[in-house]
1. Say we look at region 176-208 and pick out the residues that are more than 12 Å from the ligand (Cβ to nearest atom) and closer than 17 Å to Asp257 by Cβ; which of these is most open to solvent (accessible area, probe 1.4 Å)?
2. Taking the conditions exactly as written (open to solvent by less than 10 Å² (accessible area, probe 1.4 Å), among the basic types (Lys, Arg) and either within 15 Å of the chain's Cα centre (by Cα) or away from the ligand (no atom under 16 Å from the Cβ) (or both)), does Arg211 satisfy them or not?
3. If we scan region 78-85, do we find a residue that is in contact with a helix residue (DSSP H, G or I) (Cβ under 6 Å, 6 or more places away or on another chain), of a type outside the set (A, V, I, L, M, F, W, C), crowded, with 17+ Cβ neighbours inside 10 Å and not assigned by TED's automatic domain parsing to the domain that holds Arg259?
4. Pick from Leu188, Leu140: which is in contact (Cβ under 8 Å) with a residue 12 or more places away in the chain, part of a strand (DSSP E or B), within 19 Å of the chain's Cα centre (by Cα) and under 30 Å from Leu60 (Cβ atoms)?
5. Would you please name the residue that is least open to solvent (accessible area, probe 1.4 Å), looking only at residues in region 10-37 that are out of contact with any Lys or Arg (no Cβ under 7 Å at 6 or more places or on another chain) and in a loop (DSSP other than H, G, I, E, B)?
6. Quick one: is Tyr233 among the aromatic types (Phe, Trp, Tyr), at pLDDT 95 or above and away from the ligand (no atom under 15 Å from the Cβ)?
7. Please identify the pairs in which a residue from region 201-216 that is assigned to a loop (DSSP other than H, G, I, E, B) has its Cβ atom under 7 Å from the Cβ atom of a residue that is surrounded by fewer than 20 Cβ atoms within 10 Å (Cβ to Cβ), counting only partners at least 6 apart or on another chain.
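The values are calculated or read from the model by the stated rules, or taken from the named source; none is laboratory data. Every value quoted in this text rests on a predicted model; they were computed, and no experiment measured them. Here the Cβ positions follow ideal geometry from the backbone for every residue, glycine too, while neighbour counts run over all protein chains shown. The area values use the complete protein model at the heavy-atom level, side chains included, leaving out ligands, DNA and RNA. Shrake-Rupley method; radii C 1.70, N 1.55, O 1.52, S 1.80 Å.
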Amino acid sequence: MKVYIDGQFFDDDAAKISVFDHGLLYGDGVFEGIRAYNGRVFKLAEHIERLFYSAKAILLTIPMAPADLAAAVVETCRLNDLRDGYVRLLVTRGVGTLGLNPNKCKKPSIVIIAGKIQLYPAEYYETGLTIVTVPTTRNLHSAVNPAIKSLNYLNNILAKIEANNAGCEEAIMLNAEGYVAECTGDNLFLVKGKHLLTPPLSAGALYGITRGTVMDLAREAGLIVQEPNLTRYDVFNADECFLTGTGAEVVPVVKVDGRVIGSGVPGPVTRALVKAYHTLTNATGEPIYV
Ligand code: PXG
């Protein structure tokens with residue numbers, strides 16, 4: 001594998017970042033998780049845009065123009081003969097002192113890893129996930145804003161550990177007010193009649209790129225897409241429930257906190273959206289090989 005670091009490519013074992021990089025010392029940095037399908041990078045411009053928004057929010061100047069960064073992602077995929085895979089793009093605050101002051105970090109580092117992704121087992125898409133609500137709540141907007149895809153994912157990692165301890169792969173995270181925010185690495189959707197519902201970004205959901213894509217696909221399919229505040233009660237009484245994310249794509253949920261959702265099997269709307277999403281991922285995106 002060839003890993004991109006600050007304009008150069010390194011073999012796996014030579015691809016290293018300093019222990020004095022504040023990305024490691026403080027989780028000070030931002031990242032994106034991107035998928036490639038069928039020789040194309042899916043929604044690349046959207047991921048680059050979100051990376052720049054995250055960076056702006058933490059006053060991190062990415063030392064590269066968006067178009068050049070997008071080209072570097074494609075180049076990294078090409079050098080690794082990637083047709084279907086996963087790209088981790090990150091920007092760290094860079095090497096600094098042992099104090100947390102980022103002003104001591106003179107040069108942010110850009111890393112691009114193009115590899116394979118560990119997917120959920122295929123059976124989950126057939127039978128649906130069982131998930132739980134966990135005690136760790138989503139970050140407050142007044143703290144590290146949940147819209148920032150920062151290198152400090154500890155809050156979500158704690159929620160993931162709580163999910164795993166309960167024997168589940170994913171977990172619903174509520175916000176501090178008790179409304180549903182999202183899952184640890186996925187956005188949450190409900191189907192209720194002709195309506196497709198997902199928590200608003202103000203509830204603490206990440207501005208998920210798969211979320212946006214699925215909302216578009218749902219509108220095209222004639223569903224009424226809304227973003228109301230949602231509670232666990234709404235989840236329990238939905239017709240269908242599913243999660244979206246770059247890694248998970250569109251994955252059905254059939255049980256939440258011991259309550260069976262709808263008929264207990266992945267529903268027709270979820271199945272149709274899974275199919276529409278696959279069609280789109282296979283046919284669109286930034287070409288890697290021209
Ligand atoms: N919420 C959170 C907190 C996320 O981290 C999503 C929602 C879905 O967003 P996208 O833009 O991907 O639709 C994410 C994304 C991983 C992994 O390694 C995590 C994500 C994406 C890809 C891989 O677990 N999280």
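1. So, considering only residues that are more than 12 Å from the ligand (Cβ to nearest atom) and closer than 17 Å to Asp257 by Cβ, the one most open to solvent (accessible area, probe 1.4 Å) is Tyr179.
2. Judged against the criteria, Arg211 is a match.
3. The answer is no; no qualifying residue exists.
4. Every option except Leu188 fails the conditions.
5. Among them, the one singled out is Gly27.
6. Spelling it out, Tyr233 is indeed among the aromatic types (Phe, Trp, Tyr), at pLDDT 95 or above and away from the ligand (no atom under 15 Å from the Cβ).
7. Leu206/Ala147; Tyr207/Ala147; Tyr207/Leu201
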